[in-house]
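In what follows, a structure is listed as structure tokens, so that the remarks can point back to it.
The values are calculated or read from the model by the stated rules, or taken from the named source; none is laboratory data. None of these values were measured; they are calculated from a predicted model. Quick reminder, even Gly has a Cβ in these numbers, built from the backbone with ideal geometry, and neighbours come from all protein chains shown. In case anyone asks, the SASA skips ligands and DNA or RNA and just uses the protein heavy atoms, side chains included. Shrake-Rupley method; radii C 1.70, N 1.55, O 1.52, S 1.80 Å.
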Amino acid sequence: MRILVAEDDPHLGPSLKKGLESSHYAVDLVQDGEEALSLGLAVPYDLIILDILLPQLDGFKVCQRLRNQDRTLPILFLTALDEIDNRVKGLDLGADDYLTKPFAFRELEARVRALLRREGSSKTPILRFMDITLDMRSHEVRRGEHIINLTSKEYVLLELLMRHPRQVLSRTMIAEHMWDVDADNLSNVIDVYIRYVRRKLCECGEPNVIQTVRGFGYQLKEP
């Protein structure tokens with residue numbers, strides 16, 4: 001799952017990004033409304049967490065313009081504006097939820113999970129490929145009867161591959177899903193993470209299912 005966080009506080013923004021990434025989400029962080037709108041229109045995010053008091057373009061306008069462009073992804077306002085009028089305005093503009101600062105991170109996580117469940121209610125919460133299962137509710141990964149312990153980045157990588165079985169994913173596609181949108185020169189880093197996931201999936205002698213397609217990228221495919 002890929003989340004866009006629009007927060008200009010120099011301490012809260014990175015803290016949100018770090019916390020959500022520790023929960024196995026791929027997170028992009030921006031600090032102004034214009035960039036949030038641009039990315040919200042260009043990138044297929046699963047959720048946007050949006051401050052209201054943003055420079056360049058406030059969160060209300062970002063939300064309104066996204067909805068005017070028929071973007072239906074969940075939007076969660078995270079803001080210090082706690083007046084009832086602001087809550088009503090945000091929800092009327094098309095936001096799906098509204099959480100005021102200060103807040104407990106556990107509550108934010110719970111609201112994120114609820115919004116993502118609602119968005120994906122027609123989809124199975126468990127991804128399967130051959131004998132590999134990935135449970136998006138518990139973040140548990142198994143191969144056969146064995147539990148596979150993955151880091152946050154490894155989990156995001158495997159989830160991406162399992163969402164697109166047999167499809168060749170370029171290094172650029174993988175980088176855009178796993179790292180900040182301004183990440184450059186990540187080819188070697190992606191290769192390293194592919195090796196990590198491949199090794200963990202095959203640690204009990206199972207056949208390799210992550211194939212290298214030279215010149216193109218990687219593919220989850222039957223051996």
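With a 1.4 Å probe and all protein chains kept in place, how do K89, K200 rank by accessible area, largest first?
Result, largest first: K89, K200.
Once every Cα of the range 62-163 carries one equal point scatterer and solvent is ignored, give the base-10 log of I(q)/I(0) from the Debye formula at q = 0.10 Å⁻¹, two decimals.
Once normalised to I(0) and log-transformed, intensities are -0.41.
Expressed in nm to one decimal, what extension gain is obtained for the pair E83 and V213 from 0.36 nm per residue of sequence separation less their Cα-Cα distance?
Gain in length upon complete extension: 41.4 nm.
Among (1) 40, 18, 14; (2) 34, 18, 15; (3) 34, 26, 15, which one is semi-axes √(5λ) of the Cα gyration tensor in Å computed from these coordinates?
It is the value labelled (2).
Give me the distance in nm between label points sitting 7 Å out from Cα along the Cα-to-Cβ direction at E34 and L91, one decimal.
Placing both labels 7 Å beyond Cα along the Cβ direction yields 3.3 nm.
Against the empirical 2.2 N^0.38 Å scaling, what ratio does the C-alpha Rg of the range 1-102 come to?
The reported ratio for this selection is 0.97.
In whole percent, how big is the carbon plus sulfur part of the accessible area of the chain, probe 1.4 Å, protein atoms only?
Answer for the chain is 48 percent, counting heavy atoms of protein chains only.
Would you tell me the accessible area of E83, worked out with a 1.4 angstrom probe on the heavy atoms of the protein chains, in Å² to the nearest 10?
For E83, solvent-accessible area is about 100 Å².
Any of K153/K221; K200/K221; K17/K221; K153/K200; K18/K89 with alpha carbons more than 24 Å apart? Name them for me.
K17/K221; K18/K89
Using Cα-Cα distances under 8 Å and only pairs 6 or more residues apart, what relative contact order does the chain have, in percent?
Relative contact order here is 15 percent.
Just grab the label-to-label distance for E206 and R117, each label 7 Å out from Cα along the Cβ direction, in nm (one decimal).
2.7
Going by accessible area, probe 1.4 Å, with all protein chains left in place, what is the ranking of C204, C63, largest first?
C204, C63
Between the range 35-71 and the range 196-223, what's the alpha-carbon centroid distance in Å?
Centre-to-centre distance over Cα atoms comes out at 37 Å.
Could you do me a favour and compute the accessible area per residue for the range 10-52, 1.4 Å probe, result in Å²?
On a per-residue basis, 39 Å².
Let me cross-check D46: its accessible surface, 1.4 Å probe, with only protein heavy atoms counted, in Å² to the nearest 10?
Its heavy atoms expose roughly 50 Å² to the probe.
Leaving ligands and nucleic acids out of the surface, order R65, R171 by accessible area at 1.4 Å, largest first.
R65, R171
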